[in-house]
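Heads up, the thing below is written out as structure tokens.
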Amino acid sequence: MQKLAAGNWKMNGSAAALAEVGALIAAHPAPACEMLLCPPATLLAQMTWAARGSKLMTGGQDCHTKASGAHTGDISAAMLKDAGASHVILGHSERRADHGESDALVKAKAEAALAAGLTAIVCLGETEAQRDAGETLALCGSQLNGSLPEGANAANLVVAYEPVWAIGTGRTPTLDQIAEVHGFLRAQLVKRLGEDGHGVRLLYGGSVKPSNAAEIFAVRDVDGALVGGASLKAADFGAIVAALSAA
Ligand code: PGA
């Protein structure tokens, strides 16, 4: 299985920030893992152009369930594909919280992504209150089951475990806690998808940085990372790519 280092720029980055892309590609021309950046939609086509001929792939951060139509402000999976995207992040906790996205909506968006030929990165994870209440596995299981698109397989689905309390906080779960959730998600994926469940990349996300990447990548069933803040700087994201390449 090819591991995946994915960066989520969230609502950050202007044209000037594309200099980071050039630096990243120059420093990591042939990583031993897949490398993906998901910029804001305004930069997607430009970033894809900047990355042409390199190993860097680009993706969107959300898409609509429909391919086109009267949906002001929205972007379809087909449009992301047209702009050069290979992937799209769906169901990120910030979208679940800011836009009230339900599992059913995430599933419908993921199905639209697959129909457009994109790989869907489906995100899930518990809040701190849910972890404290001992609900982590039950919650992750129900989010996975509710959000998983029909037609998913090892090639078109990636799942990202992102504890909400670890995102942007500098806090991370213990390695045992990460191993527990990833092992659980792997078992659920195998139950749902059969053999293909073994091949679905399971990313960990939430305060991944150069200083903790290697130890997280050594955890069983961690097949890469979804990186927010540390993906904005080529040096930091490059160090994470290097750690994953060495894992
Ligand atoms: P972070 O964000 O790396 O800044 O914690 C991760 C994410 O939201 O994907």
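The values are calculated or read from the model by the stated rules, or taken from the named source; none is laboratory data. This structure is a prediction, so every number in the text was calculated from the model and none was measured. All Cβ positions, glycine included, derive from the backbone under ideal geometry; neighbour counts span all protein chains shown. Only protein heavy atoms, including side chains, enter the accessible area calculation; ligands, DNA and RNA are left aside. Shrake-Rupley method; radii C 1.70, N 1.55, O 1.52, S 1.80 Å.
Here are some notes:
- GNM result for the chain, Cα springs below 10 Å: residue of Ala138, Ala234, Ala32 fluctuating most strongly: Ala138
- Among Gln177, Gln46, Gln143, the largest mean-square fluctuation in a Gaussian network model of the chain (Cα springs under 10 Å) belongs to Gln177.
- Label point distance in nm, Arg171-Lys233, each placed 7 Å from Cα along Cα→Cβ: 2.4
- The calculated P(r) of the chain, using every Cα pair and 5 Å bins from 0, goes 1, 7, 15, 20, 21, 18, 12, 5, 1, 0 in percent.
- Sum of -39500 (n - 2.57) over DSSP H runs of 4+, divided by residues of the chain (222 nm, nearest 500): -12000 deg cm²/dmol
- Note on Asn153 and His99: the extension gain reaches 16.7 nm, defined as 0.36 nm multiplied by sequence separation minus the Cα-Cα distance.
- Seen from every direction in turn and averaged, the convex hull around the alpha carbons of segment 1-95 projects onto 6.7 nm².
- Relative to one another, the C-alpha centroids of segment 48-107 and segment 227-241 are positioned 21 Å apart.
- Across Lys107/Lys191; Lys3/Lys107; Lys66/Lys191; Lys66/Lys107; Lys55/Lys109, pairs whose alpha-carbon gap is larger than 21 Å: Lys3/Lys107; Lys66/Lys191; Lys55/Lys109
- Each of Thr42 and Ala16 was given a label point 7 Å from its Cα along the Cα-to-Cβ line. The distance between the two points is 1.3 nm.
- The chain, accessible area per residue, ligands and nucleic acids excluded (1.4 Å, Å²): 41
- Lys66 versus Leu139: modelled label distance in nm, points set 7 Å from Cα along the beta carbon direction: 3.3
- Charge dipole (segment 59-208, unit charges on Cβ, about Cα centre) - positive-most of Gly170, Ala154, Gln188: Ala154
- P(r) histogram, all alpha-carbon pairs of segment 168-247 included - 10 Å bins from 0, percent: 20, 47, 27, 6
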